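Novice: If you scroll down you'll find the structure; I have some questions about it.
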């Protein structure tokens, strides 16, 4: 009689495939939650009477809280386990999302944003760490192949939420975002496992002082902060810009869907692009695309054309991310690469985002959204030219080991 029981060796492979599907679904739901909140949050804040500077300040709270809390959450994850920490933070984040619907004024929202970001900030790196542990056991799969499902969730959910809130209460974005987060928590609870490996989140800044003596790295970090000075307003004020040129919420959702879809080919082709051109060339290129993108916002008043511009998101933001990771990788000694990536994250998503959002809010109050984009496009052009000169001089990979830099 034919044996119908699968060989024991095939069971771990099936378990790995199942875990891989679960993690793809987790990315999909997490980024669906994120886009449900971020796509229309600035419009909601404008509707309840906040100024541009106040909107910029609220947009900068997330990066600021992340800078402070990331090492602390790393310690918690070390002590309690990553899976348990992820589940806890996702459940609390889902509950806190609903609190935004109470329009109690700027200072309430300021305090609530600190509380929400305190618990939501570790979710993304904890998911990433679970995925990277999984990929250690499944070497045939790349991180990009799993991560692109986050872009799919972003694209699909932006369109669905935009249509769902059309001519309805904009505060529906909060229960939508909370529902996706809760579904993600359910996936973590039912479908993931903790590998038992210790996370590096709590030790992210080890060796940072020594790395700041590597000149090419420092130049790159300065440039990436200056880039955010002009680019942060792309995300924090885009929905306001679209509203002011006459786009209804479904069209705004469509634009953000196009933005998400533009990431997919870049994630798939990024490795080839970096091998072919090198990050020293692709980084300045992305800066020029950012400058062009913001200039187009400043002159376009047709929502359909603005939707088309969002197709440049992949060539600007997505290519920037993979190029930046590669550049840091090439300039940092092997034993401190995690610290180097933490410095880049702190510069771009932390300090740069805080400064850029405050600057965008300041300009919005004084000159309006399209003039703000026009001025920022000039800043980005100057930064792009500086990057072309500074990053194009050649890569000098450090040869000293950690002990020699003591």
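Every number here is computed from the coordinates shown, using simple stated rules; none is lab data. Keep in mind that what you see is a predicted model, and the values were worked out from it rather than measured. Cβ placement follows ideal geometry from the backbone for every residue including glycine, while neighbour counts extend to all protein chains displayed.
Novice: Report, by residue number, each residue of the stretch 360-377 that is surrounded by fewer than 24 Cβ atoms within 10 Å (Cβ to Cβ) and closer than 11 Å to residue 52 by Cα.
Specialist: Once the filter is applied, which keeps residues that are surrounded by fewer than 24 Cβ atoms within 10 Å (Cβ to Cβ) and closer than 11 Å to residue 52 by Cα, the stretch 360-377 yields 362, 363, 365, 366, 367, 368, 369.
Novice: Just checking, how many residues over the stretch 311-325 are surrounded by fewer than 20 Cβ atoms within 10 Å (Cβ to Cβ) and either in contact (Cβ under 8 Å) with a residue 12 or more places away in the chain or touching a strand residue (DSSP E or B) at 6+ places or on another chain (Cβ under 7 Å) (or both)?
Specialist: Summing the residues that are surrounded by fewer than 20 Cβ atoms within 10 Å (Cβ to Cβ) and either in contact (Cβ under 8 Å) with a residue 12 or more places away in the chain or touching a strand residue (DSSP E or B) at 6+ places or on another chain (Cβ under 7 Å) (or both) in the stretch 311-325 gives 3.
Novice: Is it the case, given these coordinates, that residue 69 is touching a helix residue (DSSP H, G or I) at 6+ places or on another chain (Cβ under 8 Å) and surrounded by 19 or more Cβ atoms within 10 Å (Cβ to Cβ)?
Specialist: no
Novice: Is it fair to say residue 239 is in a loop (DSSP other than H, G, I, E, B), surrounded by 20 or more Cβ atoms within 10 Å (Cβ to Cβ) and out of contact with any strand residue (DSSP E or B) (no Cβ under 9 Å at 6 or more places or on another chain)?
Specialist: Here the answer is no, as residue 239 does not meet what is asked.
Novice: Hey, could you check the stretch 26-61 for residues that are over 30 Å from residue 146 (Cβ atoms) and without any contact (Cβ under 8 Å) to a residue 60 or more places away in the chain and say which is surrounded by the fewest Cβ atoms within 10 Å (Cβ to Cβ)?
Specialist: The residue in question is 49.
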